[in-house]
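Read the structure below first, then the notes.
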Amino acid sequence: MTTKPHEIVERALELSTADGCVVIADEESSANLRWAGNALTTNGVTRGRTLTVIATVDGGQGAASGVVSRSAVTADELEPLVRAAEAAAREAGPAEDAQPLVTGVPQSADFTDAPAETASEVFAAFAPALGEAFATAQAGGRQLYGFAFHSVTSTYLGTSTGLRLRHDQPTGTLEVNAKSPDRTRSAWAGAATRDFTDVDPLALDAELAQRLAWAERKTDLPAGRYETLLPPSAVADLMIYQLWSSGARDAAEGRTVFSKPGGGTRVGEKLSALPLTLRSDPGEPGLEAAPFVVAHASGDESSVFDNGLPVGPVDWLRDGTLRHLPTTRHSAALTGLPSAPAADNLVLEGGGTQSLADMVAGTERGLLLTCLWYIREVDPATLLLTGLTRDGVYLVEGGEVTGVVNNFRFNESPVDLLGRAVEAGRSERTLPREWSDYFTRAAAPALRIPDFNMSSVSQGV
């Protein structure tokens, strides 16, 4: 019986009668811990498989594609899945993004190996430290809530053009919320990790204890523009949305903030006076991602025809100047820009060496944020975003945090923020809180914004 991932890929390719075929098998395992009130509540381990078949059919007016994905596919269900993808391709019109399937990429040496897996053992060192954090928090009169999640996805990609590629992607997230016994004060901290060997629950608890202490004194502030320190988590959330909104085709067609007045794109334009560099690199230490395109569907910045295309380092912004926009092979040809598929990570660097605490010490009066929440787009032409602050907005006076203030709704464009930022701290790995379900591999510095727009007061916590 065909059960191993690479065998399923090979069998699906054998069954295909389409002109071209791409098969992606994703084998995922996960482990999690959850806790509330300084005590573990649940834990578990899951495993699953998703198979995606992409059939391409050459027609008189161009190639068409059909995509079908299903979970827990058995050997008996394999042929019907392949036939469904072929039927979808034959019923579809010519695909606008049609390109020849990728060739010439060396086979992964471990393509026939068993999938990598995670298990509860990933928390072997973390769990005892978490228990110590519970005891410390209990003694300090605060309660910890949160979860730790770890997954490993082994992706097997095979094509009718001979590609046999494999990538193992570990992903870990840790989120902790501390509350005062009367529930009037709350603070959040999070971390991203590959294996839970580099996260310290006791250190996170100490940070949360400090924030709850800050919140003992509260001052209400009106809406307005404030000098604001955006921590790495908030900066990463904004930069991720910017990356997602920077597709080359939309920019060239005049639909985004990266469109040049009169036509074309803003590639080559100076966006920030600070020496900011925004980049993606599948080989970035600690943030490693797939070194080839894995596209389960076609969209503005992805194409199923590009599956297996090598992904390399790309500077989206270099020393404050826009250098590249994400492209597929199709959109690169349309816009005349270089092919630049985006890796599944993002790094912002500004050359700074100061920590967030150092930047607080250098602030005469301003606001220190914890994180952003419920980010939504208001205007694609300017990339104006709105959202909320959450779990702590702190007042800084004379280089010290003097208390907590109310939450706000903000209205800002990340592109404008890059242009108005006056200081960048030291870049560090961070967990983007808003997008942690989709994008965890990020590093960013804290940014000082002299006039961050807190458009209205929010009653949220």
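The values are calculated or read from the model by the stated rules, or taken from the named source; none is laboratory data. Here the structure is a predicted model, which means the values were calculated and not measured. Ideal geometry is used to build each Cβ from the backbone, glycine not excepted, and the neighbour counts take in all protein chains shown. In case anyone asks, the SASA skips ligands and DNA or RNA and just uses the protein heavy atoms, side chains included. Shrake-Rupley method; radii C 1.70, N 1.55, O 1.52, S 1.80 Å.
Positive end of the dipole of the chain, charges at C-beta (+1 Lys, Arg; -1 Asp, Glu), about the Cα centre: which of 292, 444, 414 has its Cα farthest in that direction?
414
Compute the helix-to-body angle for 232-244: its Cα long axis versus the longest principal axis of the chain, expressed 0 to 90° and rounded to tens.
Taking Cα atoms only, the helix is inclined about 30 degrees.
Relative contact order of the chain: what whole-number percent is it, with Cα pairs under 8 angstrom and at least 6 residues apart? Intermediate values should be presented prior to the final figure.
Numbers: 1180 pairs, mean separation 70.2, N = 461.
That works out to 15 percent.
So how strong a dipole does the range 262-402 carry about its Cα centre when Lys and Arg Cβ are +1 and Asp and Glu Cβ are -1, to the nearest 20 debye?
380
Scanning the chain for trypsin sites (Lys or Arg not before Pro) in DSSP loops with at most 15 other Cβ atoms within 10 Å, what's the longest stretch left with none? Working shown, then result.
Details: sites that count: 183, 217, 255.
Here the longest segment lacking exposed loop sites spans 256-461.
Helix-only estimate, please: 222 nm mean residue ellipticity of the chain, summing -39500 (n - 2.57) across DSSP H runs of length 4 or more and dividing by its residues, to the nearest 500. If you can, show how the numbers build up before the last one.
Numbers: 9 runs with 94 residues, N = 461.
Calculated at 222 nm, the ellipticity per residue is -6000 deg cm²/dmol.
Treating only the Cβ atoms of Lys and Arg (+1) and Asp and Glu (-1) as charged, compute the dipole magnitude of the chain about its Cα centre; round to the nearest 20 debye. Spell out each step's value before the answer.
On the way: 38 positive and 59 negative charges, 198 e Å.
With Lys and Arg at +1 and Asp and Glu at -1, about 960 debye.
In degrees from 0 to 90, rounded to the nearest 10, what is the angle of the helix 201-214 Cα long axis to the longest principal axis of the chain?
Helix 201-214 sits roughly 40 degrees off the main axis of the chain.
Would you calculate the separation in nanometres between label points at residue 357 and residue 121, each defined as 7 Å from the Cα along the Cα-to-beta-carbon direction?
Output for this residue pair reads 3.7 nm.
Separation between the residue 184 and residue 107 pseudo-spin-labels, each 7 Å from Cα along Cα→Cβ, expressed in nm?
6.8
Per residue Cα convex hull volume for the range 392-454, in cubic angstrom? Show your work: numbers first, answer last.
Numbers: hull volume 7.9 nm³, N = 63.
Given the Cα convex hull of the range 392-454, per-residue volume reads 125 Å³.
If we count every other residue with Cβ under 9 angstrom of residue 365's Cβ, Lys/Arg +1 and Asp/Glu -1, where does the sum land? Before the final figure, lay out each step's value.
On the way: positive: none; negative: 227, 364, 397.
Its environment carries a net charge of -3.
Tell me whether the range 167-305 comes out rounded, prolate or oblate; compute the Cα gyration tensor, take square roots of the eigenvalues as a ≥ b ≥ c, and use a/c under 1.5 as the rounded threshold. Working shown, then result.
Details: a/c = 2.66, a/b = 1.46, b/c = 1.82.
It is oblate, given that a/c is not under 1.5 and a/b is not larger than b/c.
For the charge dipole of the range 313-461, defined by +1 on Lys and Arg C-beta atoms and -1 on Asp and Glu C-beta atoms about the Cα centroid, which residue among 333, 313, 399 has the Cα displaced farthest towards the positive pole?
Positive-end residue among those listed: 333.
Using amide H atoms built in the peptide plane, which far-off residues or other-chain residues are under 5 Å from residue 403 H to H?
395
Can you give me the % of accessible surface on the range 293-447 that is carbon or sulfur? Probe 1.4 Å, all protein chains present, nothing else counted.
Working: 2710 of 5590 Å².
Roughly 49 percent, rounded to a whole number.
Which is farthest toward the positive dipole end of the range 132-271 among 223, 268, 146, measuring Cα position about the Cα centre, with Cβ charges +1 (Lys, Arg) and -1 (Asp, Glu)?
268
Considering only the other residues whose Cβ falls under 10 Å of the Cβ of residue 57, what net charge follows from Lys and Arg at +1 and Asp and Glu at -1?
Working: positive: 90; negative: 19, 58, 86, 91.
Neighbourhood net charge equals -3.
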